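The values are calculated or read from the model by the stated rules, or taken from the named source; none is laboratory data. All values derive from a computational prediction rather than experimental measurement. As a convention, Cβ positions derive from the backbone with ideal geometry for all residues, glycine included, and neighbour counts pool all protein chains shown.
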Amino acid sequence: MEIEKKFEKLKSKTFLITGGAGFIGSSMCRKLILDVGAKVICVDNLSTGNLENISELKLKNNFIFVKGDVNKKRVLNKVFKENHIDYVIHYAALVGVKRTIDDPISVLKDIDGIRILLELSRLSSVKKAIFASSSEIYGDSNDIPGREDHTPLNVRLPYAAVKSIGENYFRVYNEVYDLPTVSLRFFNVYGPRQESSSYGFVTAIFLKQVLDNKPITIFGDGMQTRDFVYIEDNLNATLMAIIKSSADGEAINIGTGQETSVNDLANKIIKISNKKTKITFLPPRKKGDMLRRCPDISKMKNILGYYPQYNLESGLKKTFDFYGHRLL
């Protein structure tokens, strides 16, 4: 695949992946180790990450797991002191709308980790640092599709506030200290190993309900929309941000540019499962459920040179097959 060839220059480079036992972080660790041939140092406090996500990697010589909280300076100090690090991808964060609303103070602690990581990266002459931001910073915007340089940010939740602050920190370190940085605004990523508990994410929750032969539960009327991005597209776009110097200092949407309602998502999953699953509608959530969310992905295409490789049907099929196989 042409995209994979572009990543050959990252072979044997050392990556620090924070939050590397989480869904997206562990997927990146796996790709870097198994497909790219890089060395990975994975740091995670396992508050939301899972060791099972990286169990196959712990046997590899080019993989190091460090259990620790990146919001504590002594943890990252030790990692940087003991290793030469070429690239940093900062995923570590308290994630999930329900979880972050339930415990907003813990979310704010993530600002410490952002600050510490950037300063150590600067002092260690890291080649580039990537920040995993979020579409949540657009809030409940009427400007659809959301555009990085035009759509006003409408930060409503603690999680979104931290992501907005993080983007500013990363931009300042690029502009003032010449540390190459990129902030990537992730839209709704889904795929194998995503959390499916009540603190999890809609695609994984729906898949689990179908596989457990339970009704799919939808909050509200199901007309709220999102851009659902298969994990492999998210990973490829992130690595393109690593190798493209034109991305330095930018904030870039990472999505497919396709707006899909929650009702459509549920029906696609039911169709793929070939089951007669029913849909149950519940009262809408009081907080944290934005009505519409879809990105303009022009910057992703023009700056990163990346175009989505998976549509929703193909991504859901791969995800369903993964979970279905594990239940056999």
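For residues that are assigned to a strand (DSSP E or B) and closer than 30 Å to PHE170 by Cβ, scanning just the stretch 251-285, find the one that is nearest to the chain's Cα centre (by Cα).
Per the stated criteria, the residue is ILE254.
Which residue is surrounded by the most Cβ atoms within 10 Å (Cβ to Cβ), if the candidates are limited to the stretch 145-179 and must be among the aliphatic types (A, V, I, L, M) and out of contact with any strand residue (DSSP E or B) (no Cβ under 8 Å at 6 or more places or on another chain)?
Among them, the one singled out is VAL162.
Would you pick out the residues in the stretch 286-305 that are in a loop (DSSP other than H, G, I, E, B) and among the basic types (Lys, Arg)?
Listed by number, the residues that qualify are LYS286, LYS287, ARG292, ARG293.
Taking THR48 and the conditions (1) under 24 Å from TYR173 (Cα atoms); (2) buried (at least 18 other Cβ atoms within 10 Å of the Cβ), which numbered condition does it fall short on, given that it satisfies the others?
(1)
Could you figure out which of (1) more than 30 Å from TYR169 (Cβ to Cβ); (2) touching a residue at least 60 places away in the same chain (Cβ under 8 Å); (3) buried (at least 17 other Cβ atoms within 10 Å of the Cβ) isn't true of ARG293?
(1)
For residues in the stretch 83-109 being closer than 22 Å to ALA241 by Cβ and among the hydrophobic types (A, V, I, L, M, F, W, C), which is modelled with the lowest pLDDT?
VAL95
Go through (1) part of a loop (DSSP other than H, G, I, E, B); (2) farther than 21 Å from VAL182 by Cβ one by one and return the number of the condition ILE85 breaks.
In the conditions (1) part of a loop (DSSP other than H, G, I, E, B); (2) farther than 21 Å from VAL182 by Cβ, ILE85 misses (2) alone.
For (1) modelled with pLDDT under 95; (2) touching a helix residue (DSSP H, G or I) at 6+ places or on another chain (Cβ under 7 Å), each residue gets a yes or a no:
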residue	(1), (2)
PHE219	yes, no
THR225	no, no
ASN236	no, yes
GLY255	no, no
THR260	no, yes
ILE270	no, yes
ASN274	yes, no
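Could you list all residues from the stretch 32-60 that are in a loop (DSSP other than H, G, I, E, B) and under 14 Å from LYS13 (Cα atoms)?
GLY37, ALA38
Determine, yes or no, whether ALA93 is closer than 18 Å to LYS73 by Cβ and either within 19 Å of the chain's Cα centre (by Cα) or without any contact (Cβ under 8 Å) to a residue 12 or more places away in the chain (or both).
Yes; evaluated as a whole, the condition is true for this residue.
Where residues in the stretch 185-231 are under 25 Å from ILE144 (Cα atoms) and hydroxyl-bearing (Ser, Thr, Tyr), which of them is surrounded by the most Cβ atoms within 10 Å (Cβ to Cβ)?
By that ranking, first place goes to THR203.
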